[in-house]
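The values are calculated or read from the model by the stated rules, or taken from the named source; none is laboratory data. What you see is a predicted model, and the numbers here were worked out from it, not measured in a lab. Using ideal geometry, Cβ is built from the backbone for each residue, glycine included, and neighbour counts are taken over all protein chains shown. Calculation scope for accessible area: heavy atoms of the full protein, side chains included, ligands and nucleic acids excluded. Shrake-Rupley method; radii C 1.70, N 1.55, O 1.52, S 1.80 Å.
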Amino acid sequence: MGDLTQKIVGYDLWYLKLPVTSRRDHGIGSVEGVCEVVVLRLRSEDGTEGFGEASPWSVFTGTPEATYASLDRYLRPIVVGARVADRADIMARAAYAVAHCTEAKAALETALLDLAGRLSGAPVWSLLGGLFRDKIPLSCSIANPDFSQDIDLLARLQEDGVRIVKLKTGFRDHAFDIMRLEYLAKNHPDFSVRVDYNQGLSVEEAPARVRDVALFSPDFIEQPVRAHQFGMMARLKQMIDVPLLADESVFGPEDMERAAREGICDGVSVKIMKSGGLTRGQTVARIAAAHGLTAYGGDMFEAGLAHLAGTHMIAATPEISLGCEFYQASYFLKEDVLEDRFQVKDGYVCVPEGPGLGGRPIVAKLDRYATAKAVAA
């Protein structure tokens, strides 16, 4: 076992552009060709390494360029020379070293937890409170503007045992959304269906469209209108019997308190990239539960490294009860960066048992896909 009082002496970064298999359209934007992530590697005095991933999206949390710069310029000085054991102090200082940049802070906390776990021989979930669940139901998003390609994906999901899908809506006309809901009801009645607008509706059109979609009785309808439109969210919640979930309206614990107080949702999407780390994500879920609200594990456009971080968080957080969306490494990326494949079996994400995150990236792949890097000699 390594000594957690040793200092962090290595701090390396890669800015990656990872090829994807298809276009994905969401209410507020699209991803096509590549998704962009930043990977951080920390190294302790004895050579032990810990990794973290930041997965920004410019229309949602921020840009990859800003994420890379915040990690390289503003967060590096508070990490190098600090003790591995001082994670809480490092994260407290990171909160004020640079405003926002929640993805960068999520990558930093992930790398610190991975490093501490590898040194102590403990899985990250044990550092977050202990294991509550050892597998997590997987949801895969249906978001291709060419629905024929998503029909092929649905067949693959059926064969793989995945039984939860989230239909991304609001990026085309209402008829397209209804047509796909009708297809799912007719051809895949065994699937649980969720609907996510990603802020895609105006306040004028939202009431009628959300009512139409609610007639299909999805598990929930997520974030129909813009993040700041709390009043309309509260109104929509009162209009329908289907649960209404908040995503972009709730980044961290502060937003969750307000959302609960103003009654804008029945549940929340918890994402480490928008909350600023795993422990803040847990806090969001616990605040939601204290107000009688549900939570599920959402994600950004991530590689397997970020999926691992989210998996450990959900494994240690009873309040996140609606499964997860960690599908990109298996169904969206042309090639993941992990040494071993991100584990999904029979429609469930498997929680790792090994030390730290239980997986690590292949550095040669990081180098191959890097458009910028800051690696110490």
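Here are the numbers for the structure shown:
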{"item": "Radius ratio Rg over Rh of the range 279-377, counting only Cα atoms, Kirkwood formula for Rh", "result": "1.03"}
{"item": "Kirkwood estimate for the range 80-177, i.e. one over the average of 1/r between Cα atoms, Å", "result": "17.5 Å"}
{"item": "Dimensions (Å) - the range 240-303, Cα atoms, principal axes, largest first", "result": "35, 20, 15"}
{"item": "Stretch in the chain that is longest and holds no trypsin sites (Lys or Arg not before Pro) that DSSP places in a loop and that have at most 12 other beta carbons within 10 Å", "result": "1-333"}
{"item": "Mean Cα-pair separation over length for the chain, i.e. relative contact order, pairs under 8 Å, 6 or more apart, %", "result": "23 percent"}
{"item": "Within the range 175-231, GluC sites (Glu not before Pro) in DSSP loop having at most 11 other beta-carbon neighbours inside 10 Å", "result": "Glu204"}
{"item": "The range 1-99: chymotrypsin sites (Phe, Trp or Tyr not before Pro) in DSSP coil with no more than 14 other Cβ atoms inside 10 Å", "result": "none"}
{"item": "Cα-centre dipole for the chain with unit charges at Cβ (Lys and Arg positive, Asp and Glu negative), debye to 20", "result": "480 debye"}
{"item": "Cα-centre dipole for the range 168-294 with unit charges at Cβ (Lys and Arg positive, Asp and Glu negative), debye to 20", "result": "220 debye"}
{"item": "Farthest positive-ward along the chain dipole, Cα basis, beta-carbon charges - from Pro123, Gly200, Tyr348", "result": "Pro123"}
{"item": "Approximate spin-label separation Ala95-Arg368, in nm, with each point projected 7 Å along Cα-to-Cβ", "result": "4.1 nm"}
{"item": "Subset of Lys135/Lys373; Lys7/Lys105; Lys274/Lys345 violating a 24 Å alpha-carbon distance limit", "result": "Lys135/Lys373; Lys274/Lys345"}
{"item": "Two-decimal log10 I(q)/I(0) for the range 1-48, as the Debye equation yields it once each C-alpha is a single scatterer, q = 0.13, 0.29 Å⁻¹", "result": "-0.53, -1.03"}
{"item": "Where N is the number of residues in the range 164-287, Cα Rg divided by 2.2 N^0.38 Å", "result": "1.05"}
{"item": "Probe 1.4 Å - accessible area at His312, Å² to nearest ten", "result": "0 Å²"}
{"item": "Theoretical ellipticity at 222 nm over the chain - DSSP helices of four or more residues, -39500 (n - 2.57) apiece, nearest 500", "result": "-10500 deg cm²/dmol"}
{"item": "Protein accessible area in the range 45-149, 1.4 Å probe - carbon and sulfur %", "result": "52 percent"}
{"item": "Estimated Rh, the chain: Kirkwood, alpha-carbon pairs, angstrom", "result": "20.7 Å"}
{"item": "Segment Ala122-Arg261, length gained on full extension (0.36 nm per residue, minus Cα span)", "result": "46.3 nm"}
{"item": "Of all DSSP beta bridges in the chain, antiparallel share, percent nearest 5", "result": "60 percent"}
{"item": "In degrees, nearest ten, helix 278-290 long axis to first principal axis of the chain (Cα)", "result": "40 degrees"}
